[in-house]
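Engineer: Got a structure for you, written out below as structure tokens; questions coming shortly.
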């Protein structure tokens with residue numbers, strides 16, 4: 001039987017797992033659609049592939065649809081988020097030289113206390129700290145900015161945030177182009193494996209419910225219903241990934257040359273939360289370093305988009321209320337509910353679709369609960 005085909009772009013990261021699993025495990029075919037996957041070397045390439053029609057949908061940074069709606073970044077056609085593919089999944093790392101200075105000052109690299117880690121990092125780095133993130137409009141950049149702004153010294157003005165594609169992050173820190181990074185796995189672990197860096201903190205230690213990647217489509221899609229089989233397949237993939245017994249198979253699947261092209265053991269670290277943080281083999285355990293299960297990921301909450309939109313707008317000098325309205329409009333909870341009707345997926349009521357409940361809101365390291373109006 002000839003099935004309709006959807007082309008989906010992805011960037012080689014562990015959090016591309018739902019789109020890869022949906023194809024490889026047959027969930028897409030079971031829903032009546034064939035998926036072709038197209039690997040992008042960077043987030044700008046992925047965004048452009050989608051905006052200009054080279055792919056139908058894409059695994060995308062959660063902040064990119066919001067940024068395009070605000071007219072930021074010079075993107076092409078505006079894009080919408082149909083679902084949240086993953087929550088969390090990032091790690092923060094430092095160069096080996098900087099790690100050595102931090103240890104010399106008594107820091108123990110516990111991989112959990114964001115306040116202590118940030119203070120130690122800034123004390124050891126001094127002025128001019130350079131931090132690599134994969135894209136200017138990303139949860140990576142927002143986590144870094146929130147983290148530093150909430151520390152007593154509030155040193156963001158003295159920190160330079162640079163853009164480095166994820167596969168090049170280890171090389172950049174090894175070459176001395178950056179002093180630290182925030183990147184999605186497995187590229188932090190690759191810095192450890194290559195001996196160019198050490199891991200300081202998981203992103204979830206800053207905010208434990210950060211919407212990291214979304215499934216994006218072009219806004220104004222003439223037939224959004226054609227994505228229904230894909231969204232249903234991704235929901236099934238998220239449930240499968242949440243099962244502990246799926247982890248080994250998922251790691252081996254993602255590790256294949258056409259996807260992440262690296263040892264399955266390295267991929268497994270993020271899926272299991274058992275992280276190797278230094279070349280000496282120091283290990284740390286993190287609960288839910290990355291989450292795909294529909295109880296935490298899945299629904300695209302309007303207030304999470306609004307939070308991103310207000311932060312981007314404040315830095316760009318845009319009107320905050322207008323930015324919030326535009327941002328809410330790109331996380332399409334209405335379509336998500338329509339597409340998953342009848343599956344048994346948990347859905348918010350129509351009246352509450354703009355406001356995430358406590359589980360999706362989460363907490364920040366400074367004890368604040370997620371609040372759309374807080375844009376510090």
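The values are calculated or read from the model by the stated rules, or taken from the named source; none is laboratory data. The structure displayed is predicted, hence computed values, not measured ones. So basically every Cβ, Gly included, is an ideal-geometry build from the backbone, and we count neighbours across all protein chains shown.
Engineer: What number of residues in region 325-341 are crowded, with 23+ Cβ neighbours inside 10 Å and within 20 Å of residue 141 (Cβ to Cβ)?
Structural biologist: Adding up the residues that qualify gives 3.
Engineer: Sticking with this one: Quick test for you: out of 251, 205, pick the one residue that is buried (at least 21 other Cβ atoms within 10 Å of the Cβ), free of Cβ contacts under 8 Å to residues at least 24 places away in the same chain, on the phi < 0 side of the Ramachandran plot and under 20 Å from the mean Cα position of the chain (by Cα).
Structural biologist: Only one candidate passes the filter, namely 251.
Engineer: Here are the criteria: (1) closer than 24 Å to residue 240 by Cα; (2) out of contact with any helix residue (DSSP H, G or I) (no Cβ under 7 Å at 6 or more places or on another chain); (3) surrounded by fewer than 17 Cβ atoms within 10 Å (Cβ to Cβ). Tell me which single one residue 348 does not satisfy.
Structural biologist: Single failed check for residue 348: (3).
Engineer: OK, next. For region 351-370, give me the residue count where each residue is loosely packed, with under 12 Cβ neighbours inside 10 Å and free of Cβ contacts under 8 Å to residues at least 60 places away in the same chain.
Structural biologist: Residues in region 351-370 being loosely packed, with under 12 Cβ neighbours inside 10 Å and free of Cβ contacts under 8 Å to residues at least 60 places away in the same chain: 5 in total.
Each row is one residue, and each column tells you yes or no for (1) modelled with pLDDT of 95 or more; (2) over 20 Å from residue 202 (Cβ atoms).
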{"position": "276", "(1), (2)": "yes, no"}
{"position": "295", "(1), (2)": "no, no"}
{"position": "317", "(1), (2)": "yes, yes"}
{"position": "324", "(1), (2)": "yes, yes"}
{"position": "332", "(1), (2)": "yes, yes"}
{"position": "339", "(1), (2)": "yes, yes"}
{"position": "350", "(1), (2)": "no, yes"}
{"position": "355", "(1), (2)": "no, yes"}
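Engineer: Output the residue which, of all residues in region 269-286 that are free of Cβ contacts under 8 Å to residues at least 60 places away in the same chain and either touching a strand residue (DSSP E or B) at 6+ places or on another chain (Cβ under 8 Å) or part of a loop (DSSP other than H, G, I, E, B) (or both), is farthest from residue 211 (Cα to Cα).
Structural biologist: Out of the qualifying residues, it is 280.
Engineer: Another question, then. Here are 108, 93, 132, 118: which of them is out of contact with any helix residue (DSSP H, G or I) (no Cβ under 7 Å at 6 or more places or on another chain), within 17 Å of residue 200 (Cα to Cα) and either assigned to a strand (DSSP E or B) or not assigned by TED's automatic domain parsing to the domain that holds residue 304 (or both)?
Structural biologist: Just a single option satisfies the conditions, and that option is 108.
Engineer: A further question on this structure: Scanning for something within 21 Å of the chain's Cα centre (by Cα), outside any helix (DSSP H, G or I) and either in contact (Cβ under 8 Å) with a residue 40 or more places away in the chain or farther than 26 Å from residue 336 by Cβ (or both), does region 220-232 turn up at least one residue?
Structural biologist: No; the residues of region 220-232 include none that is within 21 Å of the chain's Cα centre (by Cα), outside any helix (DSSP H, G or I) and either in contact (Cβ under 8 Å) with a residue 40 or more places away in the chain or farther than 26 Å from residue 336 by Cβ (or both).
Okay, residues lined up against (1) at pLDDT below 95; (2) over 30 Å from residue 299 (Cβ atoms); (3) part of a helix (DSSP H, G or I):
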| residue | (1), (2), (3) |
| --- | --- |
| 161 | no, no, no |
| 176 | no, yes, no |
| 188 | no, no, yes |
| 204 | no, no, yes |
| 212 | no, no, no |
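Engineer: Shifting gears a bit: Filter region 1-39 down to the residues that are farther than 21 Å from residue 292 by Cα and touching a helix residue (DSSP H, G or I) at 6+ places or on another chain (Cβ under 6 Å) and list them by number.
Structural biologist: 6, 32, 33
Engineer: Related question: So which residues in region 261-286 are touching a helix residue (DSSP H, G or I) at 6+ places or on another chain (Cβ under 8 Å) and more than 13 Å from residue 251 (Cβ to Cβ)?
Structural biologist: Passing the criteria: 275, 276, 277, 278, 279, 286.
Engineer: Could you check how many residues of region 70-116 are within 16 Å of residue 330 (Cα to Cα) and touching a strand residue (DSSP E or B) at 6+ places or on another chain (Cβ under 8 Å)?
Structural biologist: Here the count works out to 9.
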